[in-house]
């Protein structure tokens, strides 16, 4: 039953991503070419929403759908985040797809994105092999 809740929430999130065009390859290319404000506008609204959400979770001790506590740990700055962010951005720019909406794109019938999804899984596997040797 718990997994059904997450499936429904994930499906709703995917539908919302599609409806607001956050998964549109054209919108992403427009953003990376600095031809349009649309995606930046989404980010400008998403960042304060995320900040407010984290504040509310901490303030009211909100729990997960299954009743487990949400623990948000403080992280120290690490240059690995900068390097990882650059690699993430380069991959995003080349593929035209952020890893978050990949499943939403596949669910919307854009089956060519399966190649990007498999590449993301492969990248995750490579990272797991390299992780012990990377600066953390």
Next on the checklist: Scan the stretch 19-27 and tell me whether some residue there is part of a loop (DSSP other than H, G, I, E, B) and either over 15 Å from residue 105 (Cβ atoms) or modelled with pLDDT of 90 or more (or both).
Outcome noted: yes
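Residues are listed down the side, and each one gets a yes or a no for (1) closer than 22 Å to residue 20 by Cα; (2) surrounded by 13 or more Cβ atoms within 10 Å (Cβ to Cβ):
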residue	(1), (2)
33	yes, no
40	yes, no
58	no, no
80	no, no
84	no, yes
108	yes, yes
Next on the checklist: Would you confirm, using the coordinates I've provided, whether residue 53 is in contact (Cβ under 8 Å) with a residue 24 or more places away in the chain, more than 15 Å from the chain's Cα centre (by Cα) and closer than 26 Å to residue 9 by Cβ?
Outcome noted: no
Next on the checklist: Pairs needed: first member in the stretch 117-133, under 25 Å from residue 104 (Cα atoms); second member anywhere, part of a helix (DSSP H, G or I); C-beta distance under 7 Å; at least 6 residues apart or different chains.
Outcome noted: 117/102; 117/106; 120/102
Checklist outcome for this item: For residue 14, the lone unmet condition from (1) loosely packed, with under 12 Cβ neighbours inside 10 Å; (2) touching a residue at least 60 places away in the same chain (Cβ under 8 Å); (3) under 19 Å from the mean Cα position of the chain (by Cα) is (1)
Checklist outcome for this item: Scanning the stretch 31-42 residue by residue, those at pLDDT 90 or above and assigned to a helix (DSSP H, G or I) turn out to be 38, 39, 40, 41, 42
Next on the checklist: Taking the conditions exactly as written (in contact (Cβ under 8 Å) with a residue 24 or more places away in the chain and over 19 Å from the mean Cα position of the chain (by Cα)), does residue 79 satisfy them or not?
Outcome noted: yes
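The values are calculated or read from the model by the stated rules, or taken from the named source; none is laboratory data. None of these values were measured; they are calculated from a predicted model. Ideal geometry is used to build each Cβ from the backbone, glycine not excepted, and the neighbour counts take in all protein chains shown.
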